[in-house]
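The values are calculated or read from the model by the stated rules, or taken from the named source; none is laboratory data. Nothing here was measured: the structure is a model prediction, and the numbers come from that model. Note: ideal-geometry Cβ built from the backbone for every residue, glycine included; neighbour counts use all protein chains shown. What goes into the accessible areas is simple: the full protein's heavy atoms, side chains included, and nothing from ligands, DNA or RNA. Shrake-Rupley method; radii C 1.70, N 1.55, O 1.52, S 1.80 Å.
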Amino acid sequence: MTGPRGYRRLFDLRLGGRRRVDAEMDLEIETHLAMRVADLIRAGLAPAEARAEALRRFGDFDTARRRLHTAARQRESAMQQRNVLGSIASDVRFALRQIRRAPSFAAIAVATLAIGLGATTAMFTLVDHVLLAPLPFSEPQQLVSLASLDSVHHHIETVSVADWQDWTRAQVPSLSGMSLSAVPWNLSLDSGDSAIRVTATRVSSNYFSVLRPRFIAGRGFTADEGANGAESVVISEQLWRSALDADTRLPLRLRTPDREFDVVGVLAAGQEMPADVEVWFPAALAPEGVGLHNNINWVAMGRLAPRATIEQATSQLAAVSASIRAADPDALYNWGVDVRPLRTELIGDAAGYLRLLMGVVCAVLLIVCANVAAAALGRASVRSREMAVRASLGASRGRLVQQLLIEHVLLALIGGALGVIVGWAGLHALIAQWGDEIPRVAELSIDGPVFLFAFVASLLAGVVAGLVPALRVSGTSLRGLLAAGGRTAARGGRNLAGSTLVATEIALALLLVTGAALLVESFRAVLARDLGFQTNVATAEIGLPAPTYGTDPARRLLYWRSLVDSYRAIPGVQSAGVTAWLPLGPTGQSFIEIPGRALDHEGAVYRPVSADFLRTIGVPLIVGRMLDANDGAGTQPVVLINRMLARRFWPSESPIGKQIRATTMAIGTHGEPAPWMTVVGVVGDVRTWGLEADARPEMYVPIAQAPSWSTVVMTAVVRADARASTLLPEMRKRARLLEPRVAPVMSTLDARFHSGLASRTMTMTLVSGFAGLALVLAAIGIYGVLSYAVTQRTRELAVRAALGAQRGQLLRLVMTAGLRVVAAGAIVGIAAAVALTRLLNGMLVGVAPTDPRTYLLSLLVLAAIALAAIVIPARRATRLDPMIALQSE
């Protein structure tokens, strides 16, 4: 097809198909008219009259012509669809035969694709259900979280009851409702002769009307139940089934050691909010104590009005906050309200590491595709002859590319089907190991969208893996093949077949290895920090039943003393104590005052403890004395402070004997001001919020001198010579012997410590695992390309050996070719790592995103693995016998 006519014909056939069909139909119409005109001329009419008569008999020519054109186009389209479907079906059958002919290649390709697609499917399941899926409530896009803002606009998750009441009274137009919920706590329920432990919270009466969850039985709270704190509860479906035998005859009776409650509603599974809560109580919300607007102990949630926006709600609540500040200048957290989508608030930091992991598995999938493509290029010598013959018999290049792409797509679809199974298993393993760190984990499942994603990802992976081999192999001509003596052209060391693909693998692998190395270095830097206390400590959180202990602080203190004495009597125990709040978890925070000092809203951690608590967890005494049994309710209030608080307020003098008070935590039961406490000792700093947070000012007060409410729920700590976890059964038994109605929550400080690092550990482990997989795949790619190159260059290497080339020269020749590929990939990989690892900045502690030592280590690891992959085929090249190699040629 040459010259203008050839190109015009190509346009007509390929780009102008519609014009060609219309032209053919016009020709057919004209032929029909010509035959009718000829008949009329033979009947005696003049030519002009004959054509006019033929057109008259034809009818409305223009309308008929349009209809015929339409029918012809439809027929042509149907024919093309049948041809395409037929060719695809034929190529699928042919691809299945090819798979049977090369089972080893097919098995390796399917297995590799299954790993890549399985990891991608598992991670997409997480991203889809955690980041993309709406919350499981009615009109979830309208749900927002409401948080406090201080004077520098720091986001503070909690709000005060007084703030909430002011917002409600203001009737903010952009919000149809606002509700409150308390921080969840552990609660004992009576279950026959024993007690079970559940998680409970208190909520405003309109909580469920704002959230709009799905009830499987009953209802939410009424306004009256919230106003007087009625004995009504809502429970979860799981508790309903396990404790109440799924009885639908509401209200049912639910017993705690304190009293009985009426179950008025049962939430469907997956509708719990906050997550893992099993019991919801109505709260009689009234501001308590002084500094009403500063008692920020509640979590607020709102629902946007129809057609309202977050920006409107933020602006309107900011105006309300300004009015609160005008009326109460001491309101510290009323410099606006941070309004965010509730889903964003629930996801928290998980969004960052899930996006990172999704990017990592996509990079691994690209490496997998490149590896399969490089392996397919290695089979080019086999397929080139076939393609050349088919092309000589009339097959177009497009038809050959289609066939080769379908072969790879079929392999990818098989790999994708297996990948769903791999992803399902990997997802369950991930949940089993780190389920507590994944938001909305109960909603995870392999569902329709995930199957659709796996199918689309498999199609794309097949096209990506097959495109380069299809274009390369389909371009072989029979003339060129015959000119090469029946062999595919061997490529020299400067142009290895598949070298670009392997260089891409190396670049991506180096990027992943560098990112993983940075996370590992950051993890090591975090672990190198000093917590300030020991973690081989057993813990037992215990809540005392109100009927016996609720109004009798002295009896509560007697129980805690008896419990500590009982724990000390356990063989091998070195020390025991109790505290209201453990490190590495929620704690009390109080504003403080110091005589003669004008403090600008300074604060400190407030921790009621027994005399031996600090000794038990290994916090050292710096100066002064520890608390002891003589620090009782009728003695001078005393306090221990940590080194940071001492340096902050008494940097050049001894703090022993100084006065301080906790103005918001130590308020009396009837609103009496907090007492002044005398500093009797300074102890070491502890990282209350874990290794990633800095130490804060802290104070430790004797439990006998702490507010009575702080001794209702306390946690015992026990340190022994043995492993802490071995103490837990005996500790549970002794706690129940003293009070059968308690249900201790047993754990260790070591478990708390590792739980705080779980999200970092999960991210580091997964990224490192995927980086290791990428390295292995890159090494396989290097080995495969060089092995193919050695096979293709057998004649050349044999001639060189016959002409006197030494083994070292042949080794250097092959290795140089491989090292060029590695160097090219490493350069691109380093550039990509410098650009992209900055995205890890928020996850790194103690290491910079461009840390040169980490980059050098990553390069050395890659170089070692690449060198091992290069040496094997290079050494094989040096063992060639020239005579045997030339005879085989």
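Touching a strand residue (DSSP E or B) at 6+ places or on another chain (Cβ under 7 Å), open to solvent by less than 20 Å² (accessible area, probe 1.4 Å) and modelled with pLDDT under 90 - does that describe any residue in the range 537-544? The answer is yes; a qualifying residue exists. Scan the range 831-856 residue by residue and report those that are farther than 19 Å from residue 529 by Cβ and not in a helix (DSSP H, G or I). Once the filter is applied, which keeps residues that are farther than 19 Å from residue 529 by Cβ and not in a helix (DSSP H, G or I), the range 831-856 yields 849, 850. Would you confirm whether or not the range 41-50 contains a residue that is at pLDDT 80 or above, surrounded by 11 or more Cβ atoms within 10 Å (Cβ to Cβ) and either touching a Pro at 6+ places or on another chain (Cβ under 9 Å) or within 30 Å of residue 410 (Cα to Cα) (or both)? Within the range 41-50 (the criterion being at pLDDT 80 or above, surrounded by 11 or more Cβ atoms within 10 Å (Cβ to Cβ) and either touching a Pro at 6+ places or on another chain (Cβ under 9 Å) or within 30 Å of residue 410 (Cα to Cα) (or both)), the answer is yes, since at least one residue qualifies. The listed residues are 611, 569, 629, and the only one of them that is in contact with a Leu (Cβ under 8 Å, 6 or more places away or on another chain) and under 26 Å from residue 724 (Cα atoms) turns out to be 611. Apart from one condition, residue 189 fits all of (1) at pLDDT 90 or above; (2) part of a strand (DSSP E or B); (3) open to solvent by less than 10 Å² (accessible area, probe 1.4 Å); (4) touching a Lys or Arg at 6+ places or on another chain (Cβ under 8 Å); the exception is (1). Filtering the range 725-781 to residues that are open to solvent by less than 50 Å² (accessible area, probe 1.4 Å) and hydroxyl-bearing (Ser, Thr, Tyr) leaves 747, 748, 759, 761, 763, 768. When residue 648 is tested against (1) outside any helix (DSSP H, G or I); (2) open to solvent by 10 Å² or more (accessible area, probe 1.4 Å); (3) over 23 Å from residue 560 (Cα atoms), exactly one condition is not met: (1). Taking (1) out of contact with any Leu (no Cβ under 8 Å at 6 or more places or on another chain); (2) open to solvent by less than 60 Å² (accessible area, probe 1.4 Å); (3) over 30 Å from residue 373 (Cβ atoms) in turn, residue 33 satisfies each apart from (1). When you look at residue 676, is it touching a residue at least 12 places away in the same chain (Cβ under 8 Å), of a type in the set (Phe, Trp, Tyr) and over 25 Å from residue 618 (Cβ atoms), yes or no? Here the answer is yes, as residue 676 does meet what is asked.
Taken over the range 323-339, the residue count meeting the criterion of being exposed (fewer than 15 other Cβ atoms within 10 Å of the Cβ) and not hydroxyl-bearing (Ser, Thr, Tyr) is 4.
Scanning the range 99-147 for residues that are open to solvent by less than 20 Å² (accessible area, probe 1.4 Å) and not hydrophobic (A, V, I, L, M, F, W, C) returns 116, 118, 120, 121, 125, 129, 145. A residue that is part of a loop (DSSP other than H, G, I, E, B), open to solvent by 50 Å² or more (accessible area, probe 1.4 Å) and not aliphatic (A, V, I, L, M) occurs somewhere in the range 548-557. Within the range 253-276, if we keep just the residues that are part of a strand (DSSP E or B) and open to solvent by 20 Å² or more (accessible area, probe 1.4 Å), the residue that is nearest to residue 221 (Cα to Cα) turns out to be 262.
Looking at the range 695-702, can you tell me whether even one residue there is touching a helix residue (DSSP H, G or I) at 6+ places or on another chain (Cβ under 6 Å) and not small (Gly, Ala, Ser)? Yes: one or more hits. The residues listed here are 181, 209, 151; of these, the one that is at pLDDT 90 or above and open to solvent by 40 Å² or more (accessible area, probe 1.4 Å) is 209.
Checking each residue in the range 711-733 for being without any contact (Cβ under 8 Å) to a residue 12 or more places away in the chain and more than 36 Å from the chain's Cα centre (by Cα) picks out only 733. Which is within 37 Å of the chain's Cα centre (by Cα) and modelled with pLDDT of 90 or more, of 755, 747? Going through 755, 747 in turn, just one is within 37 Å of the chain's Cα centre (by Cα) and modelled with pLDDT of 90 or more: 747. The residue of the range 394-405 that is nearest to the chain's Cα centre (by Cα), among those that are in contact (Cβ under 8 Å) with a residue 40 or more places away in the chain and surrounded by fewer than 22 Cβ atoms within 10 Å (Cβ to Cβ), is 405.
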